[in-house]
Amino acid sequence: MFAIADCNTFYASCERVFQPHLNGKPVVVLSNNDGCVIALTAEAKALGIKIGAPYFKIEKYAKQEGIAVFSSNYALYGDMSQRVMHVLSRYAPKVEVYSIDECFLDFSGLPIDLTAYCLNICQTVKQWTGIPISIGIAPTKTLSKLANRLAKKGCSPSGPVLDWRTLPSAETVLESVPLDDLWGISRRWSEKLNAIGIHNALALRNSNPKEMRQHFGVVLERIVMELRGISCIPLEEMPPAKKQILTSRSFGEKLTGFDDLRSAVTHFAARAAEKLRRQNLATQALTVFIQTSPFDSSRPQYSNSATTEFDIPTNDTAQLINSAHHGLQRIFRKGFSYQRAGILLPDLLPAGVVQATLFDSADDLDRSEQLMAALDTINRRHGKKSIRYASEIISNKWHMRQQFKSPSFTTNWQELLTVRI
Amino acid sequence: MLDLPLFGSKIPAGFPSPADDHLEATIDLNLQYIRHPAATFFVRVQGHSMINAGIHNGDMLVVDRSLEAISGSIVIAVVNGELTVKRLIRNDSGIWLMPENPDFQPLLIRDGMELHIWGVVAHVIHSLQP
């Protein structure tokens, strides 16, 4: 038996934990750079706000209606996510952290009343972390996602928990579920399925799995079987190692100068290198890219990228920055307003699977490793920006717009929750 | 994070140091004072209403949300959406949030008031540096 625990409006809930006066009030969270709405509470939804709405379009309305607006605060959300996952992992022998706010639990072999058990989980997660969650229980992962969805919509007599097996008529429910609402069904697939007369989850369940496999592949065949209650998608306890790393961002204001862009890509390269080392990976190549706004047709457009390959896979910050600079020099053109830049590390290997070339001494590799370890330790202990490469701070024009960011309540001594007593 | 000491002597040649049998892990404040890391939050206080409980202006509280609030616990409470720190007292006359300073008034939770216990204060960290 599987379950999926899903945090309710996770980002907004994180904000509410530390600002309880926002409970019951409309809250929205904006994307990087305060671009558009990426999370919103039921109260905000009721006021007509939609996911994806550009902030400048709703700004006036939000003020007028007293909607609380936040820039995204990933330091906070990441820490709160870890807390939730930690509590959840106490309740099941096997868990799969599926995203920042979702976690699959494997309840196989637990001969208990799962609804009561899960209600207890919801209550504990809420008490320990302040985050409200919902849980869907079912014989397959696909159905557990669906049960969770129904629980969130308020269709369960047990509040935040719904066990698929307790539904009076699974057929009626499946018939009312559009294909787009199913886990793993893309928009493109649902259009294709619609075209051959399959319009809802019940029709898909009753379709011929072998035929589905022929037309769409094994993934859809599995979904059909899972809708029938036959588990085909096991729990992945170890997430597959990342194949690539992308750090990129749209800029708060458009950049025209070489130094501004150089500062930005230096930062991206440094972050990417940190990510590599945290996962004990090394990259074989680095791509740097820059682009003007594709939506601004009044100005000349340009985008380009440059890729450097390394003789030896590396995760050394200095080396990545160096190749980012060389790449940028090759592709930078004067006279354009750049809106976005980034670093892509396309091909990753476990660090240590390193073939030294004839000209590298083992000492050099050692020294780089020690230097990077020291850099990471200092930055972890004293805050992300304690030690940086100078080219990162030549310009700060590229920094994100985060007008409404809440403090990093749980990860920074200087920003702890303060209570007046 | 738990720091483990390195062994005190090199083993390969000669006899091991007699002290190696007595090595223990270094003392870790986290292990002693943070029993439930997922439920523990640090909170800074501003104000003087809890001075007789040893909570001074500017102190830091270690709040363990997994602890059950009982009568007598010092809690972070949310009253009508506002956070505060007080001693929780439940008795025949009702539920009270008690200050620990005679200059402040006790608060009786009346009908229609919303009280939510955010967490139980497990420890105070008070700096003695001037």
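The values are calculated or read from the model by the stated rules, or taken from the named source; none is laboratory data. Predicted model, so just to flag it, every value in this text is computed and none were measured. As a convention, Cβ positions derive from the backbone with ideal geometry for all residues, glycine included, and neighbour counts pool all protein chains shown. Calculation scope for accessible area: heavy atoms of the full protein, side chains included, ligands and nucleic acids excluded. Shrake-Rupley method; radii C 1.70, N 1.55, O 1.52, S 1.80 Å.
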Please specify each residue of segment A:1-30 satisfying the condition of being polar (S, T, N, Q) and under 24 Å from A:Q64 (Cβ atoms). A:T9, A:Q19, A:N23
Looking at segment A:41-137, what helices (runs of 4 or more DSSP H) fall wholly within it and have at least 1 residues that are surrounded by 13 or more Cβ atoms within 10 Å (Cβ to Cβ) and among the aromatic types (F, W, Y)? A:55-65, A:74-89, A:114-129
A:I67 fails exactly one of the following numbered conditions: (1) over 18 Å from the mean Cα position of the chain (by Cα); (2) free of Cβ contacts under 8 Å to residues at least 40 places away in the same chain. What is the number of that condition? (2)
For segment B:36-51, how many residues meet the condition of being among the basic types (K, R) and either touching a residue at least 60 places away in the same chain (Cβ under 8 Å) or open to solvent by less than 10 Å² (accessible area, probe 1.4 Å) (or both)? 0
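Conditions (1) of a type in the set (F, W, Y); (2) part of a helix (DSSP H, G or I); (3) free of Cβ contacts under 8 Å to residues at least 24 places away in the same chain, marked per residue:
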| position | (1), (2), (3) |
| --- | --- |
| A:T287 | no, no, no |
| A:Q291 | no, no, no |
| A:F295 | yes, no, yes |
| A:D311 | no, no, no |
| A:L320 | no, yes, no |
| A:H325 | no, yes, no |
| A:L328 | no, yes, no |
| A:R333 | no, no, no |
Identify, from the list A:I245, A:I230, the residue that is loosely packed, with under 13 Cβ neighbours inside 10 Å and either modelled with pLDDT of 95 or more or in contact with a strand residue (DSSP E or B) (Cβ under 7 Å, 6 or more places away or on another chain) (or both). A:I230
Might you let me know whether segment B:52-65 holds any residue that is within 11 Å of chain A (Cβ to nearest Cβ), basic (K, R) and open to solvent by 60 Å² or more (accessible area, probe 1.4 Å)? no
Which members of segment A:170-192 meet the condition of being open to solvent by 40 Å² or more (accessible area, probe 1.4 Å), free of Cβ contacts under 8 Å to residues at least 40 places away in the same chain, within 15 Å of A:A147 (Cα to Cα) and in a loop (DSSP other than H, G, I, E, B)? A:S176
Would you mind finding the one in A:V17, A:V84, A:V97, A:V29 that is away from every other protein chain (no Cβ under 14 Å), aliphatic (A, V, I, L, M) and either touching a Leu at 6+ places or on another chain (Cβ under 9 Å) or within 30 Å of B:I76 (Cα to Cα) (or both)? A:V29
